[in-house]
Amino acid sequence: MIVVVVVVGIFFLLMGGYALAAPAALVRPFGLVADGPESRSEVRAVYGGFGLAIAAVLGLALAVPGLRIGVVLTVAFALGGMAVGRVLSRLVDRPTAFYPIWFCGLVEAVAAGALVVVAAT
C-alpha cells in the first residue's frame, strides 16, 4: 500500500520538477510549443506546481493516516479524469502515436486504479 503511494508521489515529484526546470521540453512530445514567458508560466504552474503539490499531499497522507483515504481517492479520481479525457480525445481526434497519448493515459489509469485499491484496503 505504501509503495503505491510512494511511487505515484515520486512520479508527480519528478514531473513537477521537470516542468519547473524545462517547461518547453516537457510539453514538446505533445506537439505543444512553450516558447514565451506566458506559455512557460502555464506549464510550470499546471504541471510543475500542481505536480509538486500532489507529491506533497501524498507524502502528507503517508504521515497522517487520518488523511490517507481522502487524499488517495482525490488523487485517484484526478488521474482517472485525466485518463478519461485521453479516451474521449481518442474518440474525437484519433491520435496516431502510442506515445505520448496512450502511454500517458495507460500510466494514469493504472495509477488511478492502484490508488483506489490502496484506499479500499
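The values are calculated or read from the model by the stated rules, or taken from the named source; none is laboratory data. Worth saying up front: this structure is predicted, and the values here are computed from it rather than measured. Positions of Cβ are backbone-derived with ideal geometry, glycine not excepted, and every protein chain shown enters the neighbour counts. Side chains included, ligands, DNA and RNA excluded: accessible areas come from the protein's heavy atoms. Shrake-Rupley method; radii C 1.70, N 1.55, O 1.52, S 1.80 Å.
Laid out as a table, the results:
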{"item": "Qualifying position, being open to solvent by 40 Å² or more (accessible area, probe 1.4 Å), within 19 Å of I10 (Cβ to Cβ), modelled with pLDDT under 95 and not small (G, A, S), among F50, F30, F98, F103", "result": "F103"}
{"item": "Filter result for the condition that a residue is more than 16 Å from the chain's Cα centre (by Cα), of a type outside the set (F, W, Y), within 20 Å of G113 (Cα to Cα) and open to solvent by less than 50 Å² (accessible area, probe 1.4 Å), over G70, G9", "result": "G70"}
{"item": "Residues of the stretch 12-27 classified as among the aliphatic types (A, V, I, L, M), buried (at least 17 other Cβ atoms within 10 Å of the Cβ) and out of contact with any Lys or Arg (no Cβ under 7 Å at 6 or more places or on another chain), total", "result": "4"}
